[in-house]
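Participant: Submitted below is the structure of interest, expressed as structure tokens.
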Amino acid sequence: MSQTQTLIIGWLYPNLMSTYGDRGNVICLQRRCQWRGIPVTIKPLDQQAEVSQFSEVDLIVGGGAQDRQQELVMRDLKGAKAAALKAKLDEGTPGVFTCGSPQLLGHYYEPALGQRIDGLGLLDLVSKHPGPDASRCIGNVVFEITASPLAEDLSKMLGKPPIIIGFENHGGRTYLGDVQPLGKVLKGYGNNGEDGYEGAFYRQAIATYSHGPLLPKNPFLADWLIKRALQKKYQTEVTLSPLDDTLAYQARATMLKRLEMAA
Ligand code: GLN
């Protein structure tokens with residue numbers, strides 16, 4: 001790996017969209033790069049950011065948010081910033097978007113109370129909260145990634161099907177149109193607790209209900225994002241040096257055991 005390779009991570013609205021430890025995804029990406037000698041810059045993509053900043057990033061992270069915060073974000077994002085974000089994802093910039101973020105990337109989100117919030121319409125999905133009296137989808141979630149070519153890439157890396165362990169906490173239910181699901185649920189609710197799908201996958205963007213935070217619990221996913229982002233930026237094949245993930249894999253084994261699932 002050449003020392004000149006660097007990565008710019010764009011972090012969507014860190015102050016409004018970081019529920020349930022989603023900032024852990026940003027820290028995980030940053031550390032895994034730094035441990036390999038790849039310098040990282042983190043740019044907040046928020047109310048203070050210029051539109052041009054949205055176009056400068058190599059990898060995008062978006063966390064969860066409460067309904068009220070989602071509305072504030074969408075109000076700021078509308079227009080030029082939304083177009084810049086859409087262009088980035090359309091051109092294949094890798095990203096990971098959790099819970100409230102994918103709801104914003106879809107056509108709309110209907111909150112528990114109040115008006116429908118229009119989304120970016122980038123992902124062909126809609127999300128609806130069944131109302132303040134409906135129970136939330138809360139708990140540990142386990143799913144197998146099935147989206148192509150992500151599933152094939154990860155299976156090759158791991159030598160077995162990619163199993164994701166996370167934690168979900170959402171009131172909204174998401175229904176997919178013409179977009180690949182990220183995976184199929186093995187334990188938990190996933191998109192809506194009905195159709196067995198979890199998340200969505202578009203170009204190189206991962207959309208999921210899984211907090212966790214997702215990446216420290218599933219470090220191979222972090223490495224996929226880093227590798228894809230560097231390959232896209234430098235237009236060359238990238239091989240990441242291996243890291244010691246013993247603790248992460250011990251944590252995964254413990255959680256699978258607790259959920260009475262085979263490791
Ligand atoms: N407001 C959304 C919901 O409850 C998202 C919640 C979240 O991001 N954790 O469905």
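Participant: Would you mind finding the one in Ala222, Ala207 that is in contact with a Lys or Arg (Cβ under 7 Å, 6 or more places away or on another chain) and either assigned to a strand (DSSP E or B) or modelled with pLDDT of 95 or more (or both)?
Facilitator: One residue alone meets the criteria, Ala222.
Participant: Please list, ordered by first then second residue, the pairs with beta carbon atoms under 7 Å, 6 or more apart or interchain, first in the range 121-146 and aliphatic (A, V, I, L, M), second surrounded by fewer than 13 Cβ atoms within 10 Å (Cβ to Cβ).
Facilitator: Leu125/Gly177
Participant: Consider only pairs whose beta carbons are under 6 Å apart and that are at least six residues apart or on different chains; among these, list those whose first residue lies in the range 211-223 and is within 16 Å of the ligand (Cβ to nearest atom) and whose second residue is open to solvent by 10 Å² or more (accessible area, probe 1.4 Å) and of a type outside the set (A, V, I, L, M, F, W, C).
Facilitator: His211/Tyr20; Pro213/Gly21; Pro213/Gly24
Participant: Determine whether the range 183-193 contains at least one residue that is aliphatic (A, V, I, L, M), closer than 15 Å to Glu144 by Cβ, open to solvent by 30 Å² or more (accessible area, probe 1.4 Å) and away from the ligand (no atom under 16 Å from the Cβ).
Facilitator: yes
Participant: Next question, about the same structure. Could you check the range 20-47 and list, in sequence order, the residues that are farther than 20 Å from Asp223 by Cβ and open to solvent by less than 30 Å² (accessible area, probe 1.4 Å)?
Facilitator: Correct list: Leu45, Asp46.
Participant: Tell me, please, whether a residue that is within 16 Å of the ligand (Cβ to nearest atom), surrounded by 23 or more Cβ atoms within 10 Å (Cβ to Cβ) and within 28 Å of Gly171 (Cβ to Cβ) can be found in the range 54-61.
Facilitator: Yes, because at least one residue in the range 54-61 is within 16 Å of the ligand (Cβ to nearest atom), surrounded by 23 or more Cβ atoms within 10 Å (Cβ to Cβ) and within 28 Å of Gly171 (Cβ to Cβ).
Participant: Which numbered condition in (1) assigned to a loop (DSSP other than H, G, I, E, B); (2) modelled with pLDDT of 95 or more; (3) open to solvent by less than 60 Å² (accessible area, probe 1.4 Å); (4) within 16 Å of the ligand (Cβ to nearest atom) is the only one that Leu240 fails?
Facilitator: Only one criterion in (1) assigned to a loop (DSSP other than H, G, I, E, B); (2) modelled with pLDDT of 95 or more; (3) open to solvent by less than 60 Å² (accessible area, probe 1.4 Å); (4) within 16 Å of the ligand (Cβ to nearest atom) is unmet by Leu240, namely (4).
Participant: Give me the pairs, please: first residue somewhere in the range 72-83 and over 15 Å from Gly100 (Cα atoms) and open to solvent by 40 Å² or more (accessible area, probe 1.4 Å), second residue anywhere and modelled with pLDDT of 95 or more and part of a helix (DSSP H, G or I), beta-carbon distance under 8 Å, and either six or more positions apart or on two chains.
Facilitator: Ala80/Val51
Participant: In the range 23-31, is there at least one residue being among the basic types (Lys, Arg) and not in a loop (DSSP other than H, G, I, E, B)?
Facilitator: yes
Participant: Check Glu152, Glu144 and return the single one that is touching a Pro at 6+ places or on another chain (Cβ under 7 Å), closer than 26 Å to Lys227 by Cα and either open to solvent by 70 Å² or more (accessible area, probe 1.4 Å) or not aliphatic (A, V, I, L, M) (or both). Before you say what the answer is, go through the steps one by one.
Facilitator: Numbers: Glu152 fails: touching a Pro at 6+ places or on another chain (Cβ under 7 Å).
Just one listed residue meets the conditions, Glu144.
Participant: For the range 32-79, give me each residue that is assigned to a helix (DSSP H, G or I), under 30 Å from Tyr234 (Cβ atoms) and among the basic types (Lys, Arg).
Facilitator: Of everything in the range 32-79, just one residue is assigned to a helix (DSSP H, G or I), under 30 Å from Tyr234 (Cβ atoms) and among the basic types (Lys, Arg), namely Arg32.
Participant: Further question on the same structure: Could you grab me the full set of residues in the range 252-263 that are open to solvent by less than 60 Å² (accessible area, probe 1.4 Å) and part of a helix (DSSP H, G or I)?
Facilitator: Arg252, Ala253, Met255, Leu256
The values are calculated or read from the model by the stated rules, or taken from the named source; none is laboratory data. As the structure is a prediction and not an experimental result, all values here were calculated from the model. Quick reminder, even Gly has a Cβ in these numbers, built from the backbone with ideal geometry, and neighbours come from all protein chains shown. We work out accessible area using only protein heavy atoms, side chains counted, and drop any ligands, DNA or RNA first. Shrake-Rupley method; radii C 1.70, N 1.55, O 1.52, S 1.80 Å.
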